[in-house]
Amino acid sequence: MPVLDSIDRGDFEQVQVLRSPGAGLTAVIAVHDTRMGPAFGGIRRRRYADLGQALEDALRLARAMTLKCAIANIPAGGGKAVILDREELDRRAAYGLLGRHVEAMGGRFYTGPDLGTSDEDLLAVAEQTGFVARPGARGPGDLAESTALGVLSSLRATAAFLGRDLPGLVVAVQGLGAVGMKLSRMLADEGASLLVSDLMPERVDSAASECGARPVPVGEILDVSCDVLAPCALGGVITEEVAERLPARAICGAANNLLASPEAGRILHRRGVPAAPDFVANAGALIHGALFHLTGEVPPRSRIAGLGAVVAGILEESAASGVPPGEVALNRAKKVLGGYPPRPWFPERTP
Ligand code: NAD
């Protein structure tokens with residue numbers, strides 16, 4: 001089975017399938033790499049076609065978390081939990097059981113929010129374990145705000161690479177959720193002009209009234225003329241066909257895995273369209289969440305704003321070497337990881 005081969009090839013330290021028929025729960029926890037420190041990764045709950053698709057998603061996202069840690073120099077690693085959403089799922093019981101398992105992992109894996117996981121779900125996890133980003137006053141605070149801040153600083157660096165500053169820059173934002181709306185407010189405060197789209201009309205209305213944004217129909221946002229496209233909805237939006245025709249001069253957004261294939265990145269590069277690597281631009285939440293758990297304090301905003309300098313360095317190296325920015329970032333992350341010895345996960349034998 002290809003997914004089992006990718007566990008082997010991808011150097012995953014630990015991949016577990018949790019089952020509780022009583023709670024209707026099937027979940028996957030993937031720990032990719034803890035060489036630099038404990039694994040961090042949120043809980044995604046989705047309607048997956050089958051366990052194979054859920055496994056693939058968990059593996060892909062866990063691997064991306066390792067890369068984020070390496071490139072942002074955070075003493076942590078990559079992990080992910082996914083729950084297969086099904087009719088029979090008893091949500092409260094399921095999140096509680098997942099929390100118990102995370103507790104039993106003894107701190108090798110810290111978890112938190114992701115698509116499909118609400119504050120209430122996280123509280124059910126937090127009743128069972130401290131290894132979770134707890135919502136409310138005792139937790140790390142607004143992680144999406146930190147993601148938006150990191151994207152803003154990366155977007156500033158991308159604009160500078162084009163010889164532009166934020167005032168007057170035309171940015172097309174796809175998706176006005178937790179990150180996209182905050183990013184839009186930050187960009188408007190900096191004097192950028194916004195074009196926005198979302199499946200939810202009320203979110204578009206808010207961006208229009210709060211940020212002076214111009215609404216664009218959902219099916220047209222990838223085809224509008226703009227300086228920077230900021231994908232903040234789904235991954236995989238930059239297919240090879242989109243990369244060939246995209247009118248934007250550059251790309252920088254929050255969406256994970258925004259290139260549908262490495263070839264899409266090469267097409268953009270050949271066309272002279274710089275794309276800030278997603279796992280760098282969107283690392284703000286990881287920096288915030290991981291450092292909060294590891295140090296007990298919310299990191300200063302400057303730590304997250306520093307992602308802009310990383311993006312600037314990657315774009316410059318890409319221009320000088322002719323290697324697409326995503327591949328430059330990947331090589332940098334692998335080099336950092338290569339400086340650490342492999343870490344066996346097996347528990348110590350107790351006498
Ligand atoms: P969210 O679910 O709060 O918002 C997503 C928004 O996109 C929603 O408003 C939805 O209606 C809209 N949307 C969906 N499909 C769309 C389409 N085809 N066209 C236009 N709008 C569409 O998600 P979020 O937390 O804001 O995250 C956005 C992206 O950033 C995701 O890909 C996520 O994986 C990534 N990301 C988020 C964080 C974080 O801190 N929240 C961190 C890293 C990466």
**OP:** Over 40 Å, how big is the tail of the calculated P(r) for the chain, in percent of all Cα pairs?
**Re:** 10 percent
Original post:
What ranking, highest mean first, results for peptides 158-165, 3-10, 59-66 when packing means the other Cβ atoms within 10 Å averaged over each residue?
Top reply: 59-66, 158-165, 3-10
**OP:** Figure the gain on full extension for residue 93 and residue 73 (residue separation times 0.36 nm, minus the Cα-Cα span) and round it to one decimal in nm.
**Re:** 3.6 nm
Original post:
Using alpha carbon centroids, what distance separates segment 76-112 and segment 164-232, in Å?
Top reply: 34 Å
Original post:
Given the Cα-Cα distance of residue 50 and residue 335 and 0.36 nm per residue of separation, how much length would full extension add, in nm?
Top reply: 99.1 nm
**OP:** Could you point to the residue in 160, 232, 208 farthest towards the positive end of segment 150-245's charge dipole, with +1 and -1 charges on the Cβ of Lys/Arg and Asp/Glu respectively?
**Re:** 160
Original post:
When DSSP assigns beta bridges and you keep just the ones with both residues in the chain, what percent turn out antiparallel, to the nearest 5?
Top reply: 35 percent
Subject >> Sequence-distant residues sharing a close amide H with residue 251 (under 5 Å, placed H) >> reply: 229, 275, 276
**OP:** Round to the nearest 10 and give me the degree value, 0 to 90, for the angle of helix 91-104's Cα axis relative to the longest principal axis of the chain.
**Re:** 70 degrees
Original post:
Which residues' amide hydrogens lie under 5 Å from the amide hydrogen of residue 193, considering only partners 5 or more residues apart or on another chain, with H built in the peptide plane?
Top reply: 168, 169, 170, 171
Original post:
Counting other C-beta atoms within 10 Å, which of 340, 110, 95 has the fewest, and how do the rest follow?
Top reply: 340, 110, 95
Subject >> Inter-centroid distance (Cα atoms) of segment 245-290 relative to segment 147-162, Å >> reply: 11 Å
**OP:** Determine, for 334, 182, the number of other Cβ atoms within 10 Å of each Cβ, and report the residues in order from fewest to most.
**Re:** 334, 182
Subject >> Dimensionless Rg ratio for segment 1-131, taking C-alpha atoms and the 2.2 N^0.38 Å reference >> reply: 0.98
**OP:** Would you kindly calculate the translational diffusion coefficient of segment 20-89, applying Stokes-Einstein with the Kirkwood radius from alpha carbon pairs, for 20 °C and a viscosity of 1.002 mPa s, and quote it in µm² s⁻¹ without decimals?
**Re:** 173 µm²/s
Subject >> Over segment 246-324, volume per residue of the alpha carbon convex hull, in Å³ >> reply: 100 Å³
Original post:
Most mobile of 139, 99, 289 per a Gaussian network model of the chain (Cα springs, under 10 Å)?
Top reply: 139
**OP:** Would you count, across the chain, every pair of lysines whose alpha carbons are under 21 angstrom apart, provided the pair is eight or more residues apart or spans two chains?
**Re:** 4
Original post:
Based on the Cβ-Cβ distance of residue 16 and residue 317, what FRET efficiency does E = 1/(1 + (r/R0)^6) give at R0 = 41 Å, to the nearest 0.05?
Top reply: 0.65
**OP:** For residue 33, list long-range residues whose amide hydrogen, built 1.01 Å from N in the peptide plane, is under 5 Å from its own amide hydrogen.
**Re:** 13, 78
Subject >> Over the chain: helical MRE at 222 nm, DSSP H runs n ≥ 4 each giving -39500 (n - 2.57), nearest 500 >> reply: -14000 deg cm²/dmol
Original post:
Computed on alpha carbon atoms, what radius of gyration and Dmax characterise segment 74-134, expressed in Å?
Top reply: 11.4, 39
**OP:** Over every pair of different alpha-carbon atoms in segment 125-240, take the mean of 1/r and invert it; report that Kirkwood radius in Å.
**Re:** 15.1 Å
Original post:
Between residue 5 and residue 223, 0.36 nm times their residue separation minus their Cα-Cα distance comes to what?
Top reply: 74.7 nm
Original post:
Ranking 45, 185 by Cβ neighbours within 10 Å, fewest first, what do you get?
Top reply: 185, 45
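Each reported figure results from applying straightforward, stated rules to the coordinates on display, with no laboratory input. Keep in mind it's a predicted model, so treat the numbers as computed, not measured. Note that we place each Cβ from the backbone using ideal geometry, even for glycine, and neighbour counts take in every protein chain shown.
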